[in-house]
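Input: a single structure, listed below in structure tokens.
The values are calculated or read from the model by the stated rules, or taken from the named source; none is laboratory data. Bear in mind that the values here come from a model prediction, so they are computed numbers and not experimental data. Cβ coordinates were reconstructed from backbone atoms using ideal geometry, including for glycine residues, and neighbour counts include every protein chain displayed.
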Amino acid sequence: MLNNHSKWEKLGRIAMASENIWWMKTWTGPSFLANNGNGPVFDIYLTGRDDQNRSRIGRARINLEAAQPVFDIEPEPLLDLGELGCFDENGVSYPVITRNKGRDFMYYVGWMPSVLTPFLNFPGLAIKNDETGTFERYSRVPVLERTNEEPFSIGSVFVMEDDNRWKMWYTSFLKWGEGNEHLHYYVIRYAESDDGIDWNRTGKICINIENETEYAICKPCVIKRGGIYHMWYTYRGAQYRIGYAVSEDGISWTRRDDLVGINVSDSGWDSEAMSYPHVVEYGGYLYMIYCGNQYGKEGIGLARLPLK
């Protein structure tokens, strides 16, 4: 599907923080495109931060073919802060929507501050109530807890149903770096489930740190076409970049960042960094949303790639 000549066409910035939207007042962050059956008009689940730097998940609409900014931004978030003392008390972000037996599951990342390290992360689950249209937390605890093998944080995930199994690729912290920067070292691992709720972690590292300049591999997004799995993700050295990998089984992956076909612009809102991609297929194209400089503080962009 991708080759050395595959280049994404950048369609411009589609969302940025707004003083008029209290839950997205200072920052935009990792977001998710969901096909709602309304042609090129997709739902977009947005992460925003308020004036206290706390993240929430809201929803808007976007016309992929028009390549214009998002519209119909809902005034209230779909998923608010968790209960005081819970794993998501200080923020929710990185939404992933998938259908499970006719119900919309939203996987997300919860945040809480720590003392000797900057934060703790764990993934949670909220399920849409079809009668009210609201997302309700399945549990006040994460869907992936700490284990002896993974004693640190667990971050952003991607979930899909495939071959009668629920498959998850998730961000697994390896360690915290020492010093004032507190670099967070993490990789992408793999898990499976029968129901999308109880997960069996294989321990398998899918995308690993490749060299001494890297320390963070995160935010997977997976598409399966023609029996081949394709993953877009974020990797970090000095700044975040978008990477690409390919797999025949979804478990063992080959990194081909050289084929990703998209990079920072020469100037502007995405000239320093690109991160947190989500890719969907529609109308003969792949469409990618991604965050620009400072993890999306300067906005979210849209790009497309013709399928061959």
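Residues are listed down the side, and each one gets a yes or a no for (1) within 28 Å of R59 (Cα to Cα); (2) at pLDDT 95 or above; (3) within 16 Å of the chain's Cα centre (by Cα):
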position: Y107; (1), (2), (3): yes, yes, yes
position: V115; (1), (2), (3): no, no, no
position: G124; (1), (2), (3): yes, yes, yes
position: Y138; (1), (2), (3): yes, yes, no
position: N148; (1), (2), (3): no, yes, no
- Hits in the range 136-167 (condition: over 13 Å from L120 (Cβ atoms) and either basic (K, R) or in contact (Cβ under 8 Å) with a residue 60 or more places away in the chain (or both)): R137, R140, S156, V157, F158, V159, M160, E161, D162, R165, W166, K167
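Quick one: which residue in L46, L33, L81 is outside any strand (DSSP E or B) and under 30 Å from M112 (Cβ atoms)? Let's see the steps before the verdict.
On the way: L46 fails: outside any strand (DSSP E or B); L33 fails: outside any strand (DSSP E or B).
Only one candidate qualifies: L81.
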- Query: of a type outside the set (A, V, I, L, M) and either assigned to a loop (DSSP other than H, G, I, E, B) or under 17 Å from G292 (Cα atoms) (or both), is that true of E192?
  - Reply: no
- Restricting the range 64-91 to residues that are farther than 29 Å from G39 by Cα and either touching a helix residue (DSSP H, G or I) at 6+ places or on another chain (Cβ under 7 Å) or of a type in the set (A, V, I, L, M, F, W, C) (or both), the residue that is surrounded by the most Cβ atoms within 10 Å (Cβ to Cβ): F87
- Of all residues in the range 254-308 being among the polar types (S, T, N, Q) and part of a loop (DSSP other than H, G, I, E, B), which is nearest to K224 (Cα to Cα)? N263
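Could you check the range 99-125 and list, in sequence order, the residues that are within 26 Å of H182 (Cβ to Cβ), among the aliphatic types (A, V, I, L, M) and touching a Pro at 6+ places or on another chain (Cβ under 9 Å)?
We begin by selecting, within the range 99-125, every residue within 26 Å of H182 (Cβ to Cβ); these are 107-124.
Checking the rest, the ones that are also among the aliphatic types (A, V, I, L, M) come to 109, 112, 115-116, 120.
Within the range 99-125, V109, L120 qualify.
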- Do we have D270 as buried (at least 18 other Cβ atoms within 10 Å of the Cβ), among the charged types (D, E, K, R) and touching a strand residue (DSSP E or B) at 6+ places or on another chain (Cβ under 7 Å) here? yes
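Does the range 195-232 hold any residues that are outside any loop (DSSP other than H, G, I, E, B), of a type outside the set (A, V, I, L, M) and either without any contact (Cβ under 8 Å) to a residue 40 or more places away in the chain or in contact with a Leu (Cβ under 9 Å, 6 or more places away or on another chain) (or both), and which are they? Talk me through it step by step, then tell me what you get.
The initial filter retains those residues of the range 195-232 that are outside any loop (DSSP other than H, G, I, E, B), namely 199-207, 216-225, 228-232.
With the extra rule that they be of a type outside the set (A, V, I, L, M), the set shrinks to 199-204, 206, 218-221, 224-225, 229-230, 232.
Matches in the range 195-232: W199, N200, R201, R225, Y229, H230.
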